[in-house]
């Protein structure tokens, strides 16, 4: 248990990242001094953000967009652990070893985690190891595909934002060139402002918002898939009739080894 305890989640880095972005914006404003207002351009922001939203609505169906919004909550979740799930597997293995099948079934029915509940129920039902692995690997694959799809949505947004920023840049340049001959510096300045600031908005949204979210969701999926594979190993060990102590030690070593491989 000492190795497993070392895997407790650290301070949520998403909060630190958001604070860092806020600090970066503050530094930009301080560096600009009296001209900080030049970085606020509602028209440019509307072109980039509004255009990105419009393109997203065209590109994805409503259920995909809802899935994308719902995945944002994962940014503030602490890293998942399976300490409780390990205890459940060991408890069920102990009950089965004592021939308390009814108690084991009651324990399985009280499990909230769908993947673990299904695997334990299959093991109690005497399903073959090959069939258990087939069913649970299929469930794991579907979950990974679903979560990777959420990350791809944000990567798509990260591609849209700079492109819309470039569109705003081109619009600003066209407007500026149209009045260049008139020599009106105010109009030329407004056109040049839109031309430059939209690129800033697009690059900032892509690299400080959308792409980091996609990377974090991908990392979450990798971590969760690794833990679920460990649970699968524990379920197989229980199905093979291994002792509770062997199951506990094996799972905890697997968790610690996977954490070491991923640099945790």
With criteria (1) in a helix (DSSP H, G or I); (2) farther than 29 Å from residue 150 by Cα; (3) modelled with pLDDT of 80 or more, residue 231 comes up short on (2)
Those residues of segment 217-229 that are touching a helix residue (DSSP H, G or I) at 6+ places or on another chain (Cβ under 6 Å) and surrounded by fewer than 21 Cβ atoms within 10 Å (Cβ to Cβ) come to a total of 5
Residues in segment 97-107 that are surrounded by fewer than 21 Cβ atoms within 10 Å (Cβ to Cβ) and touching a residue at least 12 places away in the same chain (Cβ under 8 Å) total 4
Among 124, 118, the single one that is touching a residue at least 12 places away in the same chain (Cβ under 8 Å) and more than 26 Å from the chain's Cα centre (by Cα) is 124
Discussion item. For segment 128-148, check the following and say yes or no: at least one residue is at pLDDT 85 or above and either in contact with a strand residue (DSSP E or B) (Cβ under 6 Å, 6 or more places away or on another chain) or not in a helix (DSSP H, G or I) (or both).
Written reply: yes
Condition first: in contact (Cβ under 8 Å) with a residue 40 or more places away in the chain, under 20 Å from residue 85 (Cβ atoms) and buried (at least 19 other Cβ atoms within 10 Å of the Cβ). Can you find one or more residues in segment 198-212 that meet it? no
| Looking at this structure, is residue 195 surrounded by 15 or more Cβ atoms within 10 Å (Cβ to Cβ), assigned to a helix (DSSP H, G or I) and at pLDDT 90 or above? | no
Next item on the list: Answer yes or no as to whether residue 86 is modelled with pLDDT of 80 or more, more than 21 Å from residue 157 (Cβ to Cβ) and either crowded, with 17+ Cβ neighbours inside 10 Å or within 24 Å of the chain's Cα centre (by Cα) (or both).
Entry: yes
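The values are calculated or read from the model by the stated rules, or taken from the named source; none is laboratory data. Keep in mind that this is a model prediction, so the values were computed, not measured. Counting neighbours? That spans all protein chains shown, and the Cβs are built from the backbone with ideal geometry, glycine included.
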